[in-house]
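What follows is a single structure, written as structure tokens, with notes after it.
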Amino acid sequence: MSEIDCYPSAYGTCQEILSHLHSMKRKCIKEGNYRYLLSIPVADLGTRTLFILSNPSTADENEDDPTTRNLQKWAREQGISDVVIANLYAYCSSRPGALKNIPDTEASGSKNDLMIEKAAREVDQVIVAWGNPSSGREREEFDIRARTLLSMLLSTHPIVYCVGHLTKDGYPRHPRHWYIAKEQEKRVYKWNL
């Protein structure tokens, strides 16, 4: 496959999903235990935003989970039209600790970086919100994955954002903490690569 090809899935190709960002229909690229992208339209007009989280839970083209509900609420308040969600690790689990025994490359998913790179080219801004390393995930391994992804994102978006202050360990806050901490301001994300 060439670098501009997208991998097909039961839910359509990456290009099909991204070309329908304004269709007011939710779209999902999911294969087996991996969810690569989830696109949720929240308004007719506004910015298209790619959010990079840690790993997907149960949300898909039909259902929300607590994280997608928080993202949609925040997005509407910020004038965002489309929430596009990707993750450091594409392996689906409502328990991040379940990734503990899965090697990094397997947890990431074979198509994850390609999907994220293509999505990043189609959006207006990128917000990272992966939170602290999930329980059982080695911090060094998590940092390498985050650095790799951040370097890729910075090649298409010289400015990447986070919401609120960083966690005490220096990571961008996960959406579940945006309303708890009452820190909902978008900020430029700076992390020493």
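The table that follows gives values for the structure above.
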read-out	value
Filter result (in a loop (DSSP other than H, G, I, E, B) and either touching a residue at least 40 places away in the same chain (Cβ under 8 Å) or closer than 22 Å to R76 by Cα (or both)) within region 179-190	Y179, I180, A181, K182, E183, Q184, E185, Y189
Residue list for region 98-123, restricted to those being under 16 Å from L38 (Cα atoms) and either part of a loop (DSSP other than H, G, I, E, B) or in contact (Cβ under 8 Å) with a residue 60 or more places away in the chain (or both)	G109, K111, N112, L114, M115, I116, K118, A119, A120, E122, V123
Among the residues listed as R176, R147, R95, the single one being in contact (Cβ under 8 Å) with a residue 24 or more places away in the chain, more than 13 Å from L53 (Cα to Cα) and open to solvent by 50 Å² or more (accessible area, probe 1.4 Å)	R147
Of all residues making up region 143-165, the number that are assigned to a loop (DSSP other than H, G, I, E, B) and touching a Phe, Trp or Tyr at 6+ places or on another chain (Cβ under 8 Å)	2
Check on R139, in contact (Cβ under 8 Å) with a residue 40 or more places away in the chain and among the charged types (D, E, K, R)	no
Residues located in region 98-112, provided they are within 15 Å of the chain's Cα centre (by Cα) and either surrounded by fewer than 22 Cβ atoms within 10 Å (Cβ to Cβ) or over 28 Å from A43 (Cβ atoms) (or both)	A107, S108, G109, K111
Hits in region 124-142 - residues which are of a type in the set (F, W, Y) and in a loop (DSSP other than H, G, I, E, B)	W130
Single unsatisfied condition, Y171 versus (1) part of a loop (DSSP other than H, G, I, E, B); (2) open to solvent by 20 Å² or more (accessible area, probe 1.4 Å); (3) over 18 Å from R69 (Cβ atoms)	(2)
Residues that are of a type in the set (G, A, S), at negative phi and open to solvent by 10 Å² or more (accessible area, probe 1.4 Å), drawn from region 113-136	S134, S135
Among (1) under 25 Å from R48 (Cβ atoms); (2) in contact with a helix residue (DSSP H, G or I) (Cβ under 7 Å, 6 or more places away or on another chain), the one test that Y161 misses	(2)
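Conditions (1) more than 20 Å from K118 (Cα to Cα); (2) buried (at least 16 other Cβ atoms within 10 Å of the Cβ); (3) modelled with pLDDT of 75 or more, marked per residue:
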{"residue": "E3", "(1), (2), (3)": "no, no, no"}
{"residue": "K25", "(1), (2), (3)": "no, no, yes"}
{"residue": "R35", "(1), (2), (3)": "no, yes, yes"}
{"residue": "A59", "(1), (2), (3)": "yes, yes, yes"}
{"residue": "I80", "(1), (2), (3)": "no, yes, yes"}
{"residue": "V83", "(1), (2), (3)": "no, yes, yes"}
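Condition check ((1) assigned to a helix (DSSP H, G or I); (2) buried (at least 19 other Cβ atoms within 10 Å of the Cβ)) across all residues:
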| site | (1), (2) |
| --- | --- |
| R48 | no, yes |
| T67 | yes, yes |
| Q72 | yes, no |
| A86 | no, yes |
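The values are calculated or read from the model by the stated rules, or taken from the named source; none is laboratory data. Computed from a prediction, not measured in an experiment: that's the story for all the values here. Quick reminder, even Gly has a Cβ in these numbers, built from the backbone with ideal geometry, and neighbours come from all protein chains shown. Quick note on the areas: whole protein, heavy atoms, side chains included, nothing else; ligands and nucleic acids left out. Shrake-Rupley method; radii C 1.70, N 1.55, O 1.52, S 1.80 Å.
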